[in-house]
Every structure is written in C-alpha cells, then in structure tokens.
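Below is one structure, written out as structure tokens; comments come after it.
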Amino acid sequence: MNKLMALLCGILFGTGLMLSGLADPDKVIHFLNLSLLLTGEWDPSLMFVMSGALAVYLPTYLLVVKPRVLDNQGPLLDKQYHLPAKRAIDAPLLIGSVLFGLGWGMVGICPGPGIVNLAYFEPDIFLFVFAMVLGAYVGRQIHRSIPIAVNNA
Amino acid sequence: MFSSFAPALFGGLLVGLGAILLLLLNGRIAGISGILSGALWSSGESDSKGLAWQWYFLAGLLLSGLLMGGPLEALFGVKPMDMSTLEIPTPLLLISGVLVGLGCSLGSGCTSGHGICGIGRLSPRSIVATLVFMFVGVLAAIVFH
C-alpha cells in the first residue's frame with residue numbers, strides 16, 4: 001500500500017513539475033538569469049512554484065505532522081516518520097549547495113525534472129542523468145571517506 | 001507573461017500535494033536526489049521485500065512524464081519541456097550533471113528536499129542551503145546564458 005502511494009505521489013509531483021514549467025530547462029534559465037531584467041525577458045513565474053508547494057506543505061506539516069511527531073505517533077502507512085536528524089550548517093552543506101547551484105544554473109535541470117524528462121527519450125537528458133548519478137556516487141564516496149551520515153533531506 | 005503565473009502556482013500546489021502526501025502517509029521526505037540515491041544504493045534500511053519504495057516514487061515521476069506531457073500541453077498550453085531549444089554543448093551538459101549530482105549528495109538535498117520539504121519544516125539547514133543554491137544558480141545562469 002505505501003509503495004502504491006509512493007507511485008501516486010511521484011505522479012502528482014512530476015505532473016506538478018511539468019505544469020509549473022520547472023521541468024522546462026529553457027524556462028528555468030529565463031527565471032534564474034536575472035540579467036534578463038534589463039531586456040524585459042525575465043520570467044518570474046517560477047517563484048510561484050515554490051510558493052504554491054510551500055502553501056500546501058508548510059501548514060500541513062505544522063498543523064498535522066509536527067504534533068503527531070511530538071506525540072510519538074507515526075504516519076498512516078508506516079511506524080515512524082523518517083525525518084532528517086542533522087541540524088548543523090556545516091561545510092558539506094554549503095559546498096554541496098554551491099556546486100548544485102552552479103550545475104543547476106548552467107543548464108537549468110535539477111534532479112526531479114531530470115528524471116521526469118527521461119520520458120522524452122532525448123539523448124541529452126540521458127547523458128545529463130547519467131552524469132548526475134555519477135556525481136551522486138562520487139559525493140557518496142566522499143561522504144563515506146569522511147565520517148558524516150549520508151541519508152538526509 | 002502573466003498567463004504563465006497560474007500554471008506555475010497550480011503546478012506548485014500539485015508538487016506540494018505530492019510531497020506532503022508522501023510525508024503524511026509514508027512518513028518520507030520527497031527529496032528527489034535523496035530518493036534517487038536511496039533507490040540506487042539503498043541507504044541501509046533493509047526492511048525491503050522486493051523493490052525499495054524509492055523505485056515506485058521514481059516510476060511515478062517517469063509515468064507523469066510519459067502520460068501527462070501531452071494532456072498538459074493540450075489543456076493548458078504549457079510546454080512541459082523542450083531540450084532542443086537549449087543547444088547545450090555536450091561537455092557542459094556532462095559537467096553540469098556531475099555538479100548537480102555531487103552537489104546534492106554533499107549538500108544532502110536539492111530543490112525539492114531543501115527547497116520544499118526542508119523549508120516546509122522550517123529547517124534552518126534547508127533555508128541556508130536553498131538561499132545558497134538559488135544565489136549561485138542565478139550567478140551561473142547569468143554567466144552561462
């Protein structure tokens with residue numbers, strides 16, 4: 001049952017990515033490239049993606065999930081919530097975020113849209129996802145060679 | 001330009017719905033980079049009989065691409081994606097892919113894990129991470145485009 005729900009959540013999530021325009025690298029570039037403000041070609045619409053997602057996520061978390069966590073109640077289809085335990089704002093977080101931002105700004109594809117776009121069978125996207133998996137593997141090895149837990153967020 | 005605000009907002013609501021349902025029902029964070037590495041190198045939680053749940057979520061993402069692209073374009077006139085307009089040189093594409101994968105792995109999350117689920121839990125780590133990758137993303141987009 002929880003695997004079926006994971007599938008359904010994936011479909012909702014991916015459909016949202018496509019409808020919002022976040023799965024279109026061209027649109028992402030036109031959002032991130034603020035120099036387009038000067039030419040009037042800047043596309044601010046993607047601000048509404050995160051706003052919309054947070055408008056659903058944040059209040060539901062605060063009003064429903066957080067009280068259940070504090071009350072030691074699990075989610076409906078599992079025994080416990082699997083939430084990241086890390087709190088520290090450390091070097092791996094900052095370095096990783098810089099590298100991710102750099103890659104994202106270069107071509108306008110982040111992990112979710114990368115996987116959704118595999119459905120379009122274009123060689124470019126397969127190359128991108130292959131490189132992304134390679135990078136993730138390298139990051140995992142780095143994490144393992146220095147003693148930091150991996151499986152967060 | 002304003003015509004693209006409604007699909008962006010509505011799409012965002014759907015993304016948020018998918019993410020919060022995964023948390024409400026399964027107790028899981030909808031961070032795509034984390035889910036991908038969990039699927040590939042299942043992160044120590046060996047309760048799985050058969051495929052890990054992460055593969056089902058990823059299959060859902062793929063299914064949305066396969067099934068919904070056409071209808072979304074027909075109904076809302078949105079262009080789900082068009083790699084062909086980008087004309088990115090292959091080396092740049094590969095470098096960016098490695099950076100995205102490496103960065104998310106070191107930084108424990110991406111746009112979804114930090115930007116939605118993390119900020120959605122008011123996690124200071126995720127708020128900082130999101131500010132950093134948005135800022136660098138803007139710089140990179142200006143430099144490369």
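Every number in this text was worked out from the coordinates using simple rules, so none of it is lab data. Small disclaimer: the values here were computed from a predicted structure and weren't measured. Every residue, glycine among them, receives a Cβ derived from its backbone with ideal geometry; neighbour counts consider all protein chains shown.
Nearest 0.05, what FRET efficiency do B:Thr90 and A:His82 give at R0 = 41 Å with Cβ-Cβ as r?
So the FRET efficiency works out to roughly 0.65.
Using +1 at the Cβ of each Lys and Arg and -1 at the Cβ of each Asp and Glu in chain B, identify which of B:Val143, B:Gly50, B:Ser96 lies farthest towards the dipole's positive end.
My answer, from the dipole projection, is B:Gly50.
If the viscosity is 1.567 mPa s and the temperature 4 °C, what Stokes-Einstein diffusion coefficient in µm²/s follows for chain B when Rh is the Kirkwood radius over Cα pairs?
75 µm²/s
Please label the shape of the stretch B:60-145 as rounded, prolate or oblate, based on the square roots a ≥ b ≥ c of the eigenvalues of the alpha-carbon gyration tensor (a/c under 1.5 means rounded; beyond that, a/b larger than b/c means prolate, else oblate). Let's see the in-between values first.
Working: a/c = 2.00, a/b = 1.26, b/c = 1.58.
Oblate is the answer for the stretch B:60-145, as a/c is 1.5 or above yet b/c matches or exceeds a/b.
Among B:14-21, B:90-97, B:120-127, A:80-87, what's the highest-first ranking by average C-beta atoms within 10 angstrom per residue?
B:14-21, B:120-127, B:90-97, A:80-87
Evaluate peptide B:124-136: per residue, the Cβ atoms of other protein chains within 10 Å of its Cβ; return the mean as an integer.
6
I need the shape label for the protein assembly as shown. Rule: rounded when a/c is under 1.5, else prolate if a/b > b/c, else oblate, with a, b, c from the alpha carbon gyration tensor.
Values: a/c = 1.44, a/b = 1.25, b/c = 1.15.
Rounded.
Using helices alone, I'd like the mean residue ellipticity at 222 nm for the protein assembly as shown: each DSSP H run of four-plus residues gives -39500 (n - 2.57), total over residue count, nearest 500.
That calculation yields -20500 deg cm²/dmol at 222 nm.
Roughly how many Å is it from the Cα centre of the stretch A:1-55 to that of the stretch A:62-107, as a whole number?
Result: 19 Å between the Cα centres.
Taking a ≥ b ≥ c as the square roots of the eigenvalues of the Cα gyration tensor of the stretch A:40-107, is the shape rounded (a/c under 1.5), prolate (a/b larger than b/c) or oblate?
Working: a/c = 3.20, a/b = 1.54, b/c = 2.09.
Taking the square roots of the gyration eigenvalues as a ≥ b ≥ c, the stretch A:40-107 is oblate.
Given points 7 Å out from each Cα along the Cα-Cβ axis, report the B:Leu131 to B:Leu75 separation in nanometres with one decimal.
Inter-label distance under the simple model: 3.8 nm.
Starting from the Cα coordinates of the stretch A:9-153, work out the convex hull volume and express it per residue in Å³.
Once divided by residue count, the hull of the stretch A:9-153 is 156 Å³.
Only Cα pairs within less than 10 Å get springs; with that Gaussian network setup on chain A, which residue of A:Leu70, A:Leu134, A:Leu118 has the largest fluctuation?
Maximum among the listed residues: A:Leu70.
Excluding A:Asn72 itself, what net charge comes from residues whose Cβ is under 14 Å from its Cβ, given Lys and Arg +1 and Asp and Glu -1?
Combined, the nearby Lys, Arg, Asp and Glu give +1.
Give a residue-ordered list of calculated ³J(HN,Hα) values for the stretch B:22-28 (Karplus: 6.51 cos²θ - 1.76 cosθ + 1.60, θ = phi - 60°; whole Hz; x for Gly, Pro).
Listing the rounded values in order: 4, 6, 4, 8, 9, x, 10 Hz.
Take peptide A:36-48, look around each residue's Cβ out to 10 angstrom, count Cβ atoms belonging to other protein chains, and average those counts. All intermediate terms of the calculation are to be shown ahead of the outcome.
Details: counts 3, 0, 0, 0, 1, 1, 1, 3, 5, 10, 5, 4, 10.
Partner-chain Cβ atoms within 10 Å, mean over residues of A:36-48: 3.
Work out the mean other chain Cβ neighbour count within 10 Å for the residues of A:86-96 and drop it here as an integer. If you can, show how the numbers build up before the last one.
Numbers: counts 3, 3, 2, 7, 3, 1, 4, 10, 6, 5, 14.
What the average comes to for A:86-96 is 5.
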